[in-house]
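Scroll down for the structure; my scribbles are underneath it.
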Amino acid sequence: MKNRLVKSAMTERISNKRFEPTIGHEKLYKKWADTNAGLLITGNVVVDRKHLESAGNVCFDDKSMLPKLSSWAESSKKDGNHVWVQISHSGRQTNKFGTSKPLAPSEVKLSKMGLFGKPIAMSEKDIDDVIKGFTKAARLSKLSGFTGVQIHAAHGYLLSQFLSPHTNLRTDQWGGTIENRSRLLLTIIREIRNEVGPNFPIAVKLNSADFQRGGFTEEESLEVVKMLDKETIDLLEISGGTYEKLAFFELNEEVGIKESTKKREAYFIDFAKKIRKVSTIPLMITGGFRSYHFCNEVLQNKEVDLIGMARPFITNRESISGFLKGEVLSLENFVIRTGIKKFEDAAEGGFYARQLIRFSKGKRFKGDMNPLWSSVFLILYEFKIAMLKKFFN
């Protein structure tokens, strides 16, 4: 890579009614390519149209969409950067606008604003279909000109659900011990590697922890990292949290993190040190990085190999190229607040979703959006897009 800065995944929500990428994707990624970041990672690209993270997701499941995928990939490239596809399945985190009966490891319902149905425990065939879906999406990614893939096994999506004892209550080969709960992730990695060959990058995004009682712990995450170290993956990105426990929001609020971590910007830097003791996989963490000197410090100290940023590629998009040159020394930490605690995470999510939709139309960042309107925007937008696809597809 030409540098160590990565635009981490942010869901775009702008696919057409056939779940294909649009001109909006090309506008969005062309501007991100102009930042000169070494790697751009797409937002959630799903493998199953019934299990969306957002009604506006792209689904890589049909070879006929290759021309549009290729246009998206090509528009994202500039001066030798990399563009990787984040492949995902939402499992029980599929909202009711997508399906009222999502598939999941076990019948453990997600309780959040009444938006999620009770899941159905997956059969062996369902699991096999998911493996094939991830593999097909990786194949289409390579064929269309993307330069790598990232398997999403964090943030409470399906692979994260299999890893967590809170959501995986199975007693077969896919549940119970951490080895069994890791089986689906490891199987997908191996199948994708067989499909794309030895020289196509495969990354994994993994939670350091779920940050909820009975969930995936740091100790279990380290055990999974040890297993991943024996596989042929090229990058490990560390994150944390689920829909039920939105770690990034709480960490941004500086709740429950060590004083040393607050001072050092990056949310997961302490956990990264533990990973270095058990793994040689190139390592990236996302969350909290804002200053030029600190980014260089952790790279020089070999605490991480790549710096992941997400929101700065929205709020500070025009400053990223200067940041890489050392001409801009810090990026703004833009925080959205309604003053009503239960709406805060929705306000942040809606605010950034609205910005990305603006960018896809060629518009610029708008910082003065109403936080309360942003908090309800996502629900209204998801409903509208889901209904359009259901009745006009």
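Taken together, the values in this text are just the output of simple stated rules run on the coordinates, not laboratory data. Just so we're clear, the structure is a prediction, and the values are computed from it rather than from any experiment. FYI the Cβ positions are ideal-geometry reconstructions off the backbone, even for glycines, and counts take in every protein chain you see.
Miscellaneous remarks
- Greater than 26 Å apart at Cα, pairs in Lys142/Lys230; Lys109/Lys366; Lys30/Lys50; Lys68/Lys136; Lys363/Lys390; Lys17/Lys96: Lys109/Lys366; Lys30/Lys50; Lys363/Lys390
- Taking each residue as 0.36 nm, the span from Trp373 to Phe334 lengthens on full extension beyond its C-alpha to C-alpha distance by 12.3 nm.
- Gain on full extension, evaluated as 0.36 nm per residue between Asp128 and Arg170 minus their Cα-Cα distance, stands at 13.5 nm.
- Of the trypsin sites (Lys or Arg not before Pro) in the range 299-393, those whose Cβ has at most 16 other Cβ within 10 Å and which sit in DSSP loop: Lys302, Arg337, Lys361, Lys363, Arg364, Lys366
- The range 215-232 residues near the modelled Arg276 label - backbone nitrogen below 20 Å, point 7 Å along Cα→Cβ: 218-219, 221-230
- Correct option for percent of Cα pairs over 40 Å apart [calculated from the coordinates] among (i) 7; (ii) 23; (iii) 19: (i)
- Listed peptides 144-154, 171-181 by packing density, highest first (mean Cβ within 10 Å): 144-154, 171-181
- Full-stretch length increase - Asn3, Ser291 - with 0.36 nm per residue and alpha-carbon distance subtracted: 102.1 nm
- Relative contact order (%) - the chain, alpha-carbon pairs under 8 angstrom, separation at least six: 16
- Using the rule -39500 (n - 2.57) for each DSSP H run of four or more residues, divided by the residues of the chain, the 222 nm mean residue ellipticity is -11500 deg cm²/dmol.
- Note: relative contact order over the range 1-142, using C-alpha pairs below 8 Å and six or more positions apart, is 25 percent.
- Neighbours of Leu40, meaning other residues whose beta-carbon lies under 10 angstrom from its beta-carbon, give a summed charge of +3 when Lys and Arg score +1 and Asp and Glu score -1.
- Inter-part distance where the range 274-347 and the range 44-95 are each reduced to a Cα centre, Å: 23
- Charged side chains reduced to their Cβ positions (Lys and Arg at +1, Asp and Glu at -1) give the range 91-241 a dipole of some 600 debye around its Cα centre.
- Local charge for Val376 was computed over the other residues whose Cβ lies under 14 Å away, with Lys and Arg +1 and Asp and Glu -1, and equals -1.
- Residue among Met65, Ser54, Thr35 farthest towards the positive dipole end of the range 1-65, charges placed on Cβ: Thr35
- Placing +1 on the Cβ of every Lys and Arg and -1 on the Cβ of every Asp and Glu, with no other charges, gives the chain a dipole of roughly 1060 debye about its Cα centre.
- A Cβ-based charge dipole, computed about the Cα centre of the range 168-232 with Lys and Arg at +1 and Asp and Glu at -1, lands at about 120 debye.
- Beta bridge orientation in the chain: antiparallel %, DSSP, nearest 5: 5
- Local electrostatic count at Lys230 - Lys and Arg +1, Asp and Glu -1, tallied over other residues with Cβ under 15 Å: -1
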